[in-house]
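The values are calculated or read from the model by the stated rules, or taken from the named source; none is laboratory data. Nothing here was measured: the structure is a model prediction, and the numbers come from that model. Using ideal geometry, Cβ is built from the backbone for each residue, glycine included, and neighbour counts are taken over all protein chains shown.
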Amino acid sequence: MSTTLFSATHLKKSFGGIAAVDDVSLSIQAGEVVGLIGPNGAGKTTCFNLITGLYMPDGGQLAFKGKVYKPASPHVIARMGLARTFQNIRLFKSMTALENIAVGMHGKTRQGVLGAVLRPPAQRREEQHIQQRAEHWLNYVGIGAYGNHLAGQLSYGDQRRLEIARALASEPALLALDEPAAGMNASEKLKLRELLLQIREDGKSILLIEHDVKLVMGICDQVTVLDYGKVIAQGTPVQVQQNPAVIEAYLGGLHHG
């Protein structure tokens, strides 16, 4: 029996009198990959920012692990178990890949500022643990050889993978990915697909906003389609691809290609 990990109910958000998100509801079960798609201007990013706490909804309710929550700072949301990446890469490019992941683990450290200054045994043990876990997540996403490379020196695709590793380092129950395949070439997208399937196999839930329809349809269990801020279809990839409203609004000639 599946357990509902996350739910959004009747979400609403307007900007300047224009409804960017209009009565959107969706849910994510534990271990499920859910895609959120739609044409440009459909409200995907606004919906994503509502879910991950960056925007305050004008109406509706958000619940995670059975508890209603309201927007908060990213580190508070991450402590809940919901980690996100951004459409525009937000790495510390003058820091190494390992250091970027260590930053992602900062919210789970126990030693305070005094511990960082005095560096007692407990502090040193924690630093060693963080180093080991950072190395683990770099290997997990396939860029373990680049731990001591500056993030800004990594290829575009590897920077995307590093962002995912940093999000995973907070050990979230739900990983929210904002267009992770944007700007990737075909081989990078294939590696990304394999990584996302591995994350799902390891029991984490994923919320995926993505323009690459083939990627979404190939890995998602459920897909929600937005158009002009409204849900026009929800269901399995097959159900969504066969929905006339979706074909008209977004997918176009998918079945003919």
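Below are the figures for this structure:
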read-out: Odd one out for Arg160 among (1) surrounded by 20 or more Cβ atoms within 10 Å (Cβ to Cβ); (2) part of a loop (DSSP other than H, G, I, E, B); (3) not assigned by TED's automatic domain parsing to the domain that holds Ile28; value: (2)
read-out: Residues satisfying the stated conditions in segment 65-107, i.e. closer than 14 Å to Leu54 by Cα, of a type in the set (Val, Ile, Thr) and free of Cβ contacts under 8 Å to residues at least 60 places away in the same chain; value: Val76, Ile77
read-out: Total residues in segment 183-195, condition among the aliphatic types (A, V, I, L, M) and within 15 Å of Leu162 (Cβ to Cβ); value: 3
read-out: Residue, surrounded by the most Cβ atoms within 10 Å (Cβ to Cβ), within segment 49-69, restricted to residues that are closer than 13 Å to Gly81 by Cβ and among the charged types (D, E, K, R); value: Lys65
